[in-house]
Amino acid sequence: FVTEDRIFAGVREIERTDREFIEAYPGAPPVLYRTEEQNGYLYQLYLNESGGRYPIYAAGSYIIKRSLEDGRFSQVKIFLRSDEDFFVRISPAGSRSSMNLILNGEPLYTNIPVPLRFEEVLLLPFEEVVRGTRHLVDWPLVTPRRSSEEYRGVRRMVQLARRALPQLPDAEDGAMDASGNLVFIESLRGMEELPGFNCSGFAKWVCDGIYAAETGGFMAIEPLKEKHLDLRGTGWTTPKEEERDPYFGLDWTRNLARTLAALERGVDPSTLHPEATDVRDVPLGSYIEDVGFAVGELRHVLYYLAVEEPGHFYLGSVNREFGSEPVLRQHTHVVVLFPYFEESGEFRVAVLERNVETSVESLERRYGNEYIHLVRVAASENYAPPLFNDTDFGNN
């Protein structure tokens, strides 16, 4: 549908082109063609249908940018899926072209040489671009072929947990014990006034929705507080274990994930190594032992995990500089992360913490220069938001 006479026509001939529908071949879905002018450039838009509309970001849509002054081509933007955060920008580069690939809103590849003249990029099927760059770009990762059914458990958990969030109480050091009572994590005493969850208790609440569906009860708190002193710690942090508990979030998330992994396998949690559920080997991020990945890498890390490990969600422990005399790197906050693909193909990440839903962007704003350690948990289609004593919020 990107015909040579239309593409290479003078800008004055096409700058006021009316909207029109074009058929690539008889019986093919129509493509909407229109033009726009902005900041000295003419944009030629070839838009595919998505969800009954013709949004700019529909998969396979082309947006060609040309100078209004002399008609020279500047670039073409091609959307890889029906998501505004997944696209390539290809620009002229002499006898070749140059490509930047944006994955989940962040650059993944920059200045990739494309062995095609820019005019060929515009006229040839995009598969020729893929073929010419296959030794430089991991195209199966960029355009994965996954069934939406593989993410059904994650989507169900997000839907049900999201529905319950507004009814969850919030309180420092609060969690639900094995009997469904709200207690203080440190002392295990009952919370009599203004009971609720902190970030760690909330992560346990999410995980208890899986645990209770299989066992009929909730996880005990004391085993989740186990410190793995032989696996983490430094000369700076070890003397501060009792006073500052610098690795609480790391130990807590590892223990939660290990408990559910043992339940899934039908074994005692003590038989699994505490680090068995750690996320470590992700080509799109750089892992630091017991610290995790840079928060700035989180978008790419979660996308990779969604593609390579469908059907999982992740407990994150934020590691940052904290306190004074001395300042230590501590695991100070716990979040629950659900990366998945919608049935329509869009990539999503639900970020839940305490009793609210935030976003990866929110984490980047708050902890942009810090790190986050991840452990994996298998999602469950049997998940049901837990009820704690005297509160019936889960079925409303």
Check your understanding: How about segment 159-206: which trypsin sites (Lys or Arg not before Pro) there are in a DSSP loop, with at most 14 other Cβ atoms within 10 Å of their Cβ?
Key -> R189
Practice item. May I ask you to derive the relative contact order of segment 47-96, considering only C-alpha pairs under 8 Å and at least 6 residues apart, and to give it as an integer percent? Key: 28
Exercise for review: Answer rounded, prolate or oblate for segment 206-350, using the Cα gyration tensor with square roots of eigenvalues a ≥ b ≥ c: rounded when a/c is under 1.5, else prolate when a/b is larger than b/c, else oblate.
Suggested key: oblate
Revision key, fill the gap. Taking a ≥ b ≥ c as the square roots of the eigenvalues of the Cα gyration tensor, with a/c under 1.5 meaning rounded and otherwise prolate when a/b exceeds b/c and oblate if not, segment 179-223 is prolate
Review point. What residue among M219, G316, A257 has its Cα farthest toward the positive end of the dipole of segment 204-321, where the charges are +1 on Lys, Arg and -1 on Asp, Glu, each on the Cβ?
Key: G316
Point to revise | For segment 82-149, the fraction of alpha-carbon pairs in successive 10 Å shells from zero, as % | key: 20, 52, 24, 4, 0
Check your understanding: For the chain, what does the alpha-carbon gyration tensor say about shape, rounded, prolate or oblate, given a ≥ b ≥ c as the root eigenvalues, a/c under 1.5 as rounded, and a/b over b/c as prolate?
Key -> prolate
**Study point:** Relative contact order %, segment 304-374, counting alpha carbon pairs below 8 Å whose residues are six or more apart
**Key:** 31
Review point. Averaged per residue, what accessible surface does segment 68-218 expose to a 1.4 Å probe, in Å²?
Key: 48
Check your understanding: With point charges of +1 on the Cβ of Lys and Arg and -1 on the Cβ of Asp and Glu, referenced to the Cα centre of the chain, which listed residue (I22, M176, N198) lies farthest in the positive direction of the dipole?
Key -> I22
Review point. Under a point-charge model restricted to the Cβ atoms of Lys and Arg (+1) and Asp and Glu (-1), what is the dipole moment magnitude of segment 193-346 relative to its Cα centre, in debye to the nearest 20?
Key: 200
Practice item. Any chance you could list the semi-axes, whole Å, largest first, of the equivalent ellipsoid that the Cα gyration tensor gives for segment 173-276, using √(5λ)? Key: 23, 20, 9
Check your understanding: If you take the charge dipole of the chain about its Cα centre, with +1 on Lys and Arg Cβ and -1 on Asp and Glu Cβ, which of L42, H333, G94 is farthest toward its positive end?
Key -> G94
Check your understanding: What whole-number value in Å² describes the accessible area per residue of segment 292-373 for a 1.4 Å probe?
Key -> 36
Exercise for review: State the Kirkwood hydrodynamic radius of segment 297-358 in Å, one decimal place, computed from all pairs of distinct Cα atoms.
Suggested key: 13.2
**Study point:** the chain, helix-only ellipticity at 222 nm - DSSP H runs n ≥ 4, -39,500 (n - 2.57), divided by all residues, nearest 500
**Key:** -7000 deg cm²/dmol
Revision key, fill the gap. About its Cα centre, segment 283-396 carries a charge dipole, from +1 on Lys and Arg Cβ atoms and -1 on Asp and Glu Cβ atoms, whose size in debye to the nearest 20 is 240
Check your understanding: How large is the dipole of the chain about the Cα centre if only Lys and Arg carry +1 and Asp and Glu carry -1, each at its Cβ, rounded to the nearest 20 debye?
Key -> 1060
**Study point:** Heavy-atom accessible surface of the chain: percent carbon and sulfur, 1.4 Å
**Key:** 45
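The values are calculated or read from the model by the stated rules, or taken from the named source; none is laboratory data. Just so you know, these numbers come straight off a predicted model, no measurement behind them. Cβ atoms come from the backbone with ideal geometry, glycine included; neighbour counts cover every protein chain shown. These accessible areas exclude ligands, DNA and RNA; they are computed on the full protein's heavy atoms, side chains included. Shrake-Rupley method; radii C 1.70, N 1.55, O 1.52, S 1.80 Å.
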